[in-house]
1. Looking at Leu96, Leu113, which is the one that is open to solvent by less than 60 Å² (accessible area, probe 1.4 Å), modelled with pLDDT of 75 or more and among the aliphatic types (A, V, I, L, M)?
2. Within segment 344-361, track down each residue that is buried (at least 24 other Cβ atoms within 10 Å of the Cβ) and either of a type outside the set (A, V, I, L, M) or farther than 14 Å from Val279 by Cα (or both).
3. For segment 16-23, does any single residue satisfy the condition of being in a loop (DSSP other than H, G, I, E, B), at pLDDT below 70 and under 30 Å from Lys321 (Cα atoms)?
4. With (1) outside any helix (DSSP H, G or I); (2) modelled with pLDDT of 85 or more as the list, and Phe425 as the residue in question, which single condition is left unmet?
5. When segment 53-88 is examined, which residues are found to be at pLDDT below 80 and either of a type in the set (Lys, Arg) or in a helix (DSSP H, G or I) (or both)?
6. Condition (residue is of a type in the set (S, T, N, Q), farther than 24 Å from Gly365 by Cβ and at pLDDT 85 or above) applied to segment 390-403: is it met by at least one residue?
7. Go through (1) of a type in the set (A, V, I, L, M, F, W, C); (2) assigned to a helix (DSSP H, G or I); (3) at pLDDT below 85 for Leu364 and report which single condition fails.
Amino acid sequence: VKFINHPLGVNSQKHSPCFQEISITRPSWTRVLILAGVATTIGSSLPVGYNIGVVNSPAGPSVMHLDTFKVIKTFCNESVYSHYGTVLGKGGLSFLWSTIVSVFLVGGTIGSLGGSVFADRAGRKGALVVSSIIGAVAGVLFFASKAANSVEMLICGRLLVGVSSGLITSVMPMYLTELAPRLLRGSMGVLCPLGVTFGVLLGQILSLYKILELACIRNAKEEMLDHEIQELKLEEQDCDATENSWNIIKVLMDKSLLLPLLLVCSLQAGQQFSGINAVFYYSVLIFQSAGLSLENSQLATIAAGCCNLLMAIISIPVMAKFNRRNTLQLSLVTTAFFLILLGLAIYFISQVTWMPYLSIVGVLGFVICYGIALGPIPYFIGSELFEVGPRPSAMALGSMANWGGNLVVGLCFQSMLSLMGAGSFFIFAIVVIALFFFVRDQRERSNSNSSFMQTRIFVKTTRIAS
């Protein structure tokens with residue numbers, strides 16, 4: 001039972017404190033809330049992961065994507081020859097492949113910045129609808145490119161699906177976390193990276209083998225939501241009262257938002273600079289060195305992807321029960337350890353007989369530790385750190401940092417691989433260690449009122465309610 005004071009403090013008839021008795025129920029997963037999460041995961045974030053996994057490779061056509069590369073190679077040669085009468089050489093074909101892969105990341109960066117505008121003007125749900133429309137147009141271009149024998153349509157489709165993906169990764173975590181009650185925000189925020197992870201796995205497999213009413217969603221009485229709704233309205237009124245509405249430039253210029261913005265952007269970019277794509281690129285080679293055939297090595301890599309998906313599922317209850325910061329620091333430390341272990345194992349893989357098995361341990365250990373927190377938390381933490389006004393711009397900047405980091409790794413990894421080989425993993429480990437110290441340093445500097453700092457209080461509340 002909870003007693004709430006009257007806004008005026010006294011009862012007009014009896015001149016005594018007025019109380020309202022309401023029952024408090026523990027927030028739970030309702031059918032409509034689950035439906036909203038499943039629908040957005042399958043309809044929005046899963047296609048993002050699929051478009052990453054079906055064709056993307058950080059270093060060009062790896063063994064995992066050899067079949068896909070052959071198909072696109074033949075298509076590109078036929079298209080260029082029929083339109084321009086030219087046969088592409090090895091260098092020209094590699095450049096065209098890189099363009100097809102990288103233009104998706106360019107579109108993702110553009111879409112991330114656009115997420116701030118659409119989230120404010122069309123609303124969170126409206127922005128997701130816009131992203132779906134753009135994705136549908138991209139799908140039509142993909143389908144028509146084969147009939148038209150046009151590589152240009154394929155590139156345009158990849159650019160548009162990148163824009164759609166950038167919008168989704170920028171807006172969807174906000175939509176889900178604002179839809180959920182406070183104790184379930186972390187779990188709902190994990191659904192976006194969960195869909196991306198499953199989409200990547202689905203794309204890898206296929207490439208191998210030719211708002212409703214808030215009270216209804218939360219199953220809570222309207223009076224239970226009045227405080228939260230009024231809080232959101234007050235924040236929006238504060239934003240409207242300012243001379244200029246929040247935008248990316250204003251968020252960047254506001255010194256009070258600098259530290260949380262740096263935290264969001266560093267986590268989003270650090271997720272890519274951790275080397276997750278590089279680990280999957282090396283995985284087939286590692287499994288082959290351990291004595292597996294090419295086909296079994298590919299299946300083992302799919303198993304590693306399944307492990308990544310499993311960790312994304314496990315992270316749903318983890319985000320609801322454990323402190324965000326401690327979980328993230330644990331993930332960073334263990335991820336750095338397995339990156340160093342993997343680098344050493346690959347470096348000595350041909351010199352020591354048991355090193356291939358140690359490298360398998362490194363791959364699986366990295367995937368598990370990455371999925372604990374470094375994978376899911378960067379996607380939704382911005383929606384917990386920022387109020388309603390600057391939230392879309394901050395999420396857009398964070399999403400842009402993620403896509404930008406993906407683009408940088410995609411452009412530079414081939415050169416790192418040629419120059420350093422297995423030493424590339426040591427660079428990724430250094431980045432992860434630096435991110436660990438940065439996150440730890442923010443404990444004293446962060447705003448004590450942010451959800452990121454109050455997660456431990458939320459956990460205690462959950463246990464008491466249980």
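1. Numbers: Leu113 fails: open to solvent by less than 60 Å² (accessible area, probe 1.4 Å).
Of Leu96, Leu113, the one residue that is open to solvent by less than 60 Å² (accessible area, probe 1.4 Å), modelled with pLDDT of 75 or more and among the aliphatic types (A, V, I, L, M) is Leu96.
2. Ser359, the sole residue that qualifies.
3. Filtering segment 16-23 down to residues in a loop (DSSP other than H, G, I, E, B) leaves 16-18, 23.
When the remaining residues are screened for being at pLDDT below 70, the result is 16-18, 23.
When the remaining residues are screened for being under 30 Å from Lys321 (Cα atoms), the result is 23.
Yes.
4. The one condition Phe425 does not meet is (1).
5. Matches in segment 53-88: Gly53, Leu66, Asp67, Thr68, Phe69, Lys70, Val71, Ile72, Lys73, Thr74.
6. Within segment 390-403, the subset of a type in the set (S, T, N, Q) is 393, 399, 402.
Of the ones still in play, those that are also farther than 24 Å from Gly365 by Cβ are 393, 399.
Still in the running and at pLDDT 85 or above: 393, 399.
Looking for residues that are of a type in the set (S, T, N, Q), farther than 24 Å from Gly365 by Cβ and at pLDDT 85 or above, one finds at least one in segment 390-403, hence yes.
7. Here Leu364 meets the rest and fails (3).
Okay, residues lined up against (1) out of contact with any Lys or Arg (no Cβ under 9 Å at 6 or more places or on another chain); (2) crowded, with 22+ Cβ neighbours inside 10 Å; (3) in a helix (DSSP H, G or I); (4) at pLDDT below 75:
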residue	(1), (2), (3), (4)
Val171	no, yes, yes, no
Thr177	no, yes, yes, no
Arg185	yes, yes, yes, no
Leu194	yes, yes, yes, no
Leu202	yes, no, yes, no
Ile205	yes, no, yes, yes
Lys210	yes, no, no, yes
Ala220	yes, no, no, yes
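The values are calculated or read from the model by the stated rules, or taken from the named source; none is laboratory data. Just so it is clear, the model here is predicted, and its values are computed rather than measured. Please note: Cβ atoms are built from the backbone with ideal geometry, for glycine as well, and neighbour counts cover all protein chains shown. Please note that ligands, DNA and RNA were not included when accessible areas were found on the heavy atoms of the full protein model with its side chains. Shrake-Rupley method; radii C 1.70, N 1.55, O 1.52, S 1.80 Å.
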